[in-house]
1. Residue by residue through segment 234-260, note down the ones that are within 24 Å of residue 37 (Cβ to Cβ) and either loosely packed, with under 15 Cβ neighbours inside 10 Å or without any contact (Cβ under 8 Å) to a residue 12 or more places away in the chain (or both).
2. Could you run through segment 261-289 and say how many residues are surrounded by fewer than 10 Cβ atoms within 10 Å (Cβ to Cβ) and either within 19 Å of residue 71 (Cα to Cα) or modelled with pLDDT of 90 or more (or both)?
3. Which is within 18 Å of residue 379 (Cα to Cα), touching a helix residue (DSSP H, G or I) at 6+ places or on another chain (Cβ under 9 Å) and at pLDDT below 85, of 421, 412?
4. Test each condition in (1) more than 19 Å from residue 87 (Cα to Cα); (2) crowded, with 17+ Cβ neighbours inside 10 Å for residue 169 and report the one that comes out false.
5. Please determine whether any residue of segment 139-149 is at pLDDT below 90 and under 25 Å from residue 54 (Cβ atoms).
6. If we only count helices (runs of 4 or more DSSP H) wholly inside segment 290-386, which ones have 3 or more residues that are modelled with pLDDT of 55 or more and more than 31 Å from the chain's Cα centre (by Cα)?
7. Condition (residue is surrounded by 19 or more Cβ atoms within 10 Å (Cβ to Cβ) and over 18 Å from residue 4 (Cβ atoms)) applied to segment 328-337: is it met by at least one residue?
8. From the list 137, 131, pick out the single residue that is in a strand (DSSP E or B), closer than 28 Å to residue 200 by Cβ and assigned by TED's automatic domain parsing to the domain that holds residue 186.
């Protein structure tokens, strides 16, 4: 029996830029430690010295120690959900808002409740200490921003101007008299804490969920090699270059991101998610006495030494090395070798394959089409498996490198399940409807391309005909001009 021929997986050039210093820097983190909270992780904040970080979730604020990532303190003097716990600059006090409309100030060391500011009519989602540490600004759903005196426990100002919920806010770290707020009325306002007046208003164009005042005190920083970190409900954390405001690196998480905190020295990333998961990642330490400049040279020297100092091989070793080496096969090739077509297709429909190596899944489909076995591989599947197939085909159908194979695969899937459409299986109907919509969209795309190609062909043909006509007329013009010159000379 001949040797089994492995499935040919075409290698395509990787899209995007190569490895950059930002990629190397932000990939140099350990495997994340995850902590499960009882409610969504609303806010993460690091103390200015980087020794602690606070996670606000459910009806408490937990203070973690950065050295061992363990809970050091638990602040739970809340009757309802807590929001936006922030440290003061010295790390000794922490303020937090609440769904019960009150703002609380805690002593972090002994967990005592020092102040409770009452005056808002609706929940307070964010609060912050001013730069001098003597006042607290609170941002509430009652459309106001309040300034509180920590020492006297009195409200100094009620800043009015927003026309919808105020869910975002921060105080300037460079000035004790500058407060910034953002609301669902699409407005970002800058307030003077001395007079309680709005000095600047900007239209954001959409509801504002977070604002950041940069360490320099400006809202927009000049290009100084700094980075902004953003989290989103699409489960991606992006590092943004403030010079071009383009993402330079992306990290993915298992759930929608609600809050992000980074240690002052970039040694730790803490991400809070909507399902209560908190991801904690520490930066990998550099080996002692080793730098990035020395590491490649040392590797090259070790490789050179190993190559030179190879042992002398005997005749028995030569015979053993001449023996045939057992072929290493991937899971899908093992199933194909045993004619287990359905299992081979299942092996490449795993999430890690479809997301990171879709070319392998397409290669297996192409091999099954070549063998005429794709119909048998897709038949008799539950609705969830059919939906996974249809989603993959519809997602990658528009890519030119996959379109021919996936169009044939889509036809096979539709033929295999056409008799089950409309028979009380909504998941199957939804999957096939999605596949049909993807094929129709691809057909419209091809029609527009063909129309564009036809128009370009007409233009090129007309241009070529015009050039040929000019070339044909050029000798006649030259000869007529020559005859006129000769006639004038003769006269």
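The values are calculated or read from the model by the stated rules, or taken from the named source; none is laboratory data. For clarity, every value in this text was computed on a predicted model and none was experimentally measured. Note: ideal-geometry Cβ built from the backbone for every residue, glycine included; neighbour counts use all protein chains shown.
1. 234, 252, 254, listed by residue number.
2. 0
3. Working: 412 fails: at pLDDT below 85.
None of the other options fit; the residue is 421.
4. (1)
5. no
6. Working: elements: 294-308, 315-322, 331-337, 341-348, 351-356, 358-371, 374-378.
The qualifying helices (runs of 4 or more DSSP H) are 315-322, 331-337, 341-348, 358-371, 374-378.
7. Taking every residue of segment 328-337 in turn, none turns out to be surrounded by 19 or more Cβ atoms within 10 Å (Cβ to Cβ) and over 18 Å from residue 4 (Cβ atoms).
8. Just one listed residue meets the conditions, 137.
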